[in-house]
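The next block holds one structure in the form of structure tokens; read it before the comments.
The values are calculated or read from the model by the stated rules, or taken from the named source; none is laboratory data. As the structure is a computational prediction, the values presented were derived from the model and not from experiment. Note: ideal-geometry Cβ built from the backbone for every residue, glycine included; neighbour counts use all protein chains shown.
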Amino acid sequence: MSVPKLPVHSCFPIALAAMFFALASPLNVFSQTGSNINGKVLSSAGNLPVPFAAVKLKANQLGVYANADGDFVVAGNSDFSSDSLVVTCIGYKRKAVAFSDLSDSTINRIYLSPSIYGLREVRISASRYNLSPSTIVGRAIRNIKKNYPDKPFSYIAYYRDYQKKDKAYFNLNEAIVQTLDSGFSEWSVLNKYRLLDFRKNTSFPVMSLSPYYDSKYDPESPDKIIPDATLGDQYGNELFILMVHDALRNYRALSFSFVNVLSEDFILNHTFSEPVIVFNNNLKLQSIAFSAKKKFTGNNLRVEGTIFIQPDDYSIHKLEYKCFYRNKPGENKEMFNIDIEYGYDESVDSLMCLKYISFNNYFNVSDTTDHSYFQILRSYWDTFNYSKPTLVVEFNKDLDPAAATRKKDYQITLGGKKAGISSISAAGNKVFIRLNEKADRKMRESCLIVIDDIKDSDGNFLDRKKNLELYQYRELFVQEYNKPVQFTDTCFIRYMPLEDNCRAGQPGISRYWMNTPENIKQP
């Protein structure tokens with residue numbers, strides 16, 4: 001929509017859906033300085049990246065997680081020269097590599113072999129292996145109360161958010177965050193967070209974007225739009241948006257579509273496949289694939305995912321969730337993707353604790369560098385060539401005459417009163433609007449015109465810049481649980497962007513690793 005105002009001789013125009021919503025020892029600290037070791041974790045079957053593999057130094061007990069593309073970085077510290085790097089991921093056999101064999105000048109490719117077995121290939125030792133998949137999932141959800149900590153606990157994690165266009169990464173923000181969790185018996189909104197360190201990684205390209213989403217399209221706004229969706233309360237910053245999507249921690253609350261409230265809606269909204277046995281190191285898990293029922297997703301969306309459950313105590317170790325929408329016939333575009341992994345942790349009474357959460361989604365944003373979009377060049381009164389007062393609006397492109405001459409798409413106000421339109425004609429790149437009323441000089445000075453939904457000859461709508469299709473990533477990787485931390489300030493994160501929040505820790509002290517794979521900067 002355009003809202004032009006008419007000064008003395010001219011009328012200057014003013015141009016006018018979101019979603020569902022490392023392990024560090026406090027006594028043995030290594031800073032991430034000097035050369036880095038960059039790696040990429042790949043599957044030996046198909047040579048594809050292995051997302052979110054755990055990468056851990058065996059002796060020094062330091063570790064990170066690979067990103068969604070299998071990329072990771074560890075410090076090239078001489079103290080690690082006699083150590084080994086152990087790489088693990090659910091569904092793959094563990095791999096150990098001597099640290100001294102890693103190169104600091106190339107990307108180290110580490111291949112994992114799949115370890116997946118059908119139920120018939122594994123000896124069935126208990127009747128629980130014969131349960132239906134929905135029954136197994138139901139028991140796992142009901143056992144959240146006993147498998148996850150119900151008393152207060154804390155953890156330190158590395159957080160990052162960034163965008164991705166095609167294969168290029170940009171706008172990387174990184175932070176070290178402490179979470180004070182009230183326990184699974186309490187609502188997660190009671191949790192508190194401290195920002196220990198924050199940085200905008202300037203070695204990555206920067207693109208001007210709003211950090212938040214908008215619920216309506218505005219071509220002059222840089223706000224991000226998720227197609228065909230509605231955004232709820234964003235709770236002030238990207239970290240809080242991310243934590244809302246932990247469906248296990250929020251199992252009694254609304255998380256995201258179509259999990260909704262996990263304890264009430266997950267089984268109702270999905271159909272489940274027969275379980276397949278996989279291993280996480282030597283721990284046996286049941287991998288159960290699922291899809292959302294069509295009556296909930298409609299014809300335009302497709303949902304698929306996998307839940308990993310330990311069959312002895314019914315603990316949920318991982319949830320993978322993907323939602324696609326049908327962009328074109330036969331073409332599905334990924335709308336959002338969520339990965340959540342939990343594991344046993346001795347420092348929290350060997351209960352299930354968050355290892356990482358990754359949430360990414362597709363969105364549109366106006367291309368601020370697009371200067372060729374359909375727009376108004378100028379407007380003026382023609383009081384000499386026509387018998388009635390005529391307003392001329394000139395555009396930068398030729399018009400679609402049928403779309404440009406609909407009276408309902410024009411609203412004109414003179415002297416604070418709505419003016420009647422006698423007729424509208426279009427020729428080339430101009431529109432001629434003839435009014436019923438006479439318009440003296442003073443009335444013309446106070447002219448206001450609203451133009452809506454007109455198109456140029458190529459079908460482009462007015463003031464609609466080109467859209468960029470991007471993916472937004474928000475990720476959090478836990479480094480340690482229940483360890484004391486020294487603060488320079490005890491302030492908590494408030495409902496505002498992270499970079500505007502108070503730092504509770506001293507910036508620049510590398511007690512915890514910021515896991516920034518250097519090789520993701522290049523396509």
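What the table shows:
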item	result
Residue in the stretch 93-106 that is under 29 Å from the mean Cα position of the chain (by Cα), surrounded by fewer than 19 Cβ atoms within 10 Å (Cβ to Cβ) and at pLDDT 90 or above present	no
Residue in the stretch 483-498 that is assigned to a strand (DSSP E or B) and modelled with pLDDT of 85 or more present	no
Residues of the stretch 227-249 satisfying the condition of being polar (S, T, N, Q) and at pLDDT 95 or above	none
All positions within the stretch 394-448 that are small (G, A, S) and in a strand (DSSP E or B)	S422, S423, S425, A426, A427
Residue that is surrounded by the fewest Cβ atoms within 10 Å (Cβ to Cβ), among those in the stretch 160-187 that are out of contact with any strand residue (DSSP E or B) (no Cβ under 8 Å at 6 or more places or on another chain) and either modelled with pLDDT of 90 or more or on the phi < 0 side of the Ramachandran plot (or both)	K167
Yes/no for K418 being touching a Ser or Thr at 6+ places or on another chain (Cβ under 8 Å), surrounded by fewer than 17 Cβ atoms within 10 Å (Cβ to Cβ) and of a type in the set (D, E, K, R)	no
Any hit, the stretch 468-480, residues being part of a loop (DSSP other than H, G, I, E, B) and farther than 25 Å from N429 by Cβ	no
Meets criteria (within 30 Å of N147 (Cα to Cα) and among the aliphatic types (A, V, I, L, M)) for I357	yes
Counted residues, the stretch 188-207 - those being surrounded by 15 or more Cβ atoms within 10 Å (Cβ to Cβ) and either modelled with pLDDT of 85 or more or of a type outside the set (A, V, I, L, M) (or both)	11
Residues being of a type in the set (D, E, K, R), in a helix (DSSP H, G or I) and farther than 21 Å from L301 by Cα - total across the stretch 234-286	2
Residues of the stretch 426-454 satisfying the condition of being surrounded by fewer than 19 Cβ atoms within 10 Å (Cβ to Cβ), modelled with pLDDT of 80 or more and of a type in the set (G, A, S)	A427, G428
From N282, N260, N250, residue being at positive phi and in the same structural domain as L209 (by TED's automatic domain parsing)	N260
Count of residues meeting criterion [within 14 Å of R139 (Cα to Cα), of a type outside the set (A, V, I, L, M) and surrounded by 18 or more Cβ atoms within 10 Å (Cβ to Cβ)] in the stretch 249-271	2
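Listed here are the residues, each with its yes/no results for (1) of a type outside the set (G, A, S); (2) closer than 30 Å to Q375 by Cα.
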| position | (1), (2) |
| --- | --- |
| A427 | no, yes |
| K430 | yes, yes |
| L435 | yes, yes |
| E445 | yes, yes |
| R464 | yes, yes |
| E469 | yes, yes |
| V478 | yes, no |
| P484 | yes, no |
| N501 | yes, no |
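Every residue, every condition in (1) crowded, with 20+ Cβ neighbours inside 10 Å; (2) not in a loop (DSSP other than H, G, I, E, B), yes or no:
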{"site": "L42", "(1), (2)": "no, yes"}
{"site": "A45", "(1), (2)": "no, no"}
{"site": "F52", "(1), (2)": "yes, no"}
{"site": "V55", "(1), (2)": "yes, yes"}
{"site": "A59", "(1), (2)": "no, no"}
{"site": "A68", "(1), (2)": "no, no"}
{"site": "V73", "(1), (2)": "yes, yes"}
{"site": "D79", "(1), (2)": "no, yes"}
{"site": "L85", "(1), (2)": "yes, yes"}
